[in-house]
Amino acid sequence: WDNADFSRGVGTTFYQEFSTLNTAKPPFVRDVEAKVRRYLRSSYSAAWTLKITWEKVPVHAARTDTRKTITYQAVLTTDGFRSYVLMLYQDGGMQWDYTRLTSTNVLIGYT
């Protein structure tokens with residue numbers, strides 16, 4: 001989530017919380033559970049999930065070009081014992097020119 005620049009009024013960040021302990025689960029939470037089960041090959045039932053979306057965000061410093069943006073999400077989820085984060089990127093959505101960033105060791109994901 002580094003190098004995003006909202007100073008020019010371009011891009012939006014929003015979030016949605018899903019508290020699903022003892023309640024019906026919306027399709028989004030069921031999809032998150034299915035991904036955790038598939039990727040980790042273990043049982044998982046979410047008690048709480050948070051979806052954060054950064055939409056059409058320009059790179060720092062936006063004064064150079066606000067047309068090249070990126071849309072991505074972080075989904076945090078827990079069953080009360082184990083916690084996970086899914087990092088989701090829009091297909092073909094990385095429009096930042098990473099060769100112009102101050103840091104040259106750019107990754108999508110985490111280390």
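The values are calculated or read from the model by the stated rules, or taken from the named source; none is laboratory data. Being a predicted model, the structure only gives us computed values, none of them experimental. Neighbour counts are summed over all protein chains in view; Cβ atoms, including those assigned to glycine, are modelled from backbone coordinates with ideal geometry. Just the protein is used for accessible areas: all its heavy atoms, side chains included, with ligands, DNA and RNA removed. Shrake-Rupley method; radii C 1.70, N 1.55, O 1.52, S 1.80 Å.
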Just checking, which of PHE18, PHE14 is surrounded by 16 or more Cβ atoms within 10 Å (Cβ to Cβ), modelled with pLDDT of 90 or more, hydrophobic (A, V, I, L, M, F, W, C) and not in a loop (DSSP other than H, G, I, E, B)?
PHE18
Of the residues in region 21-44, those that are surrounded by 16 or more Cβ atoms within 10 Å (Cβ to Cβ) and of a type outside the set (D, E, K, R) come to VAL29, VAL32, VAL36, TYR44
Residue selected from region 80-111 under the condition more than 16 Å from TYR39 (Cα to Cα) and at pLDDT 85 or above, by the criterion most open to solvent (accessible area, probe 1.4 Å):
PHE81
Restricting the search to region 54-69, which residues are over 11 Å from the mean Cα position of the chain (by Cα) and either at pLDDT 70 or above or not aliphatic (A, V, I, L, M) (or both)?
LYS56, VAL57, PRO58, VAL59, HIS60, ARG63, THR64, ASP65, THR66, ARG67, LYS68, THR69
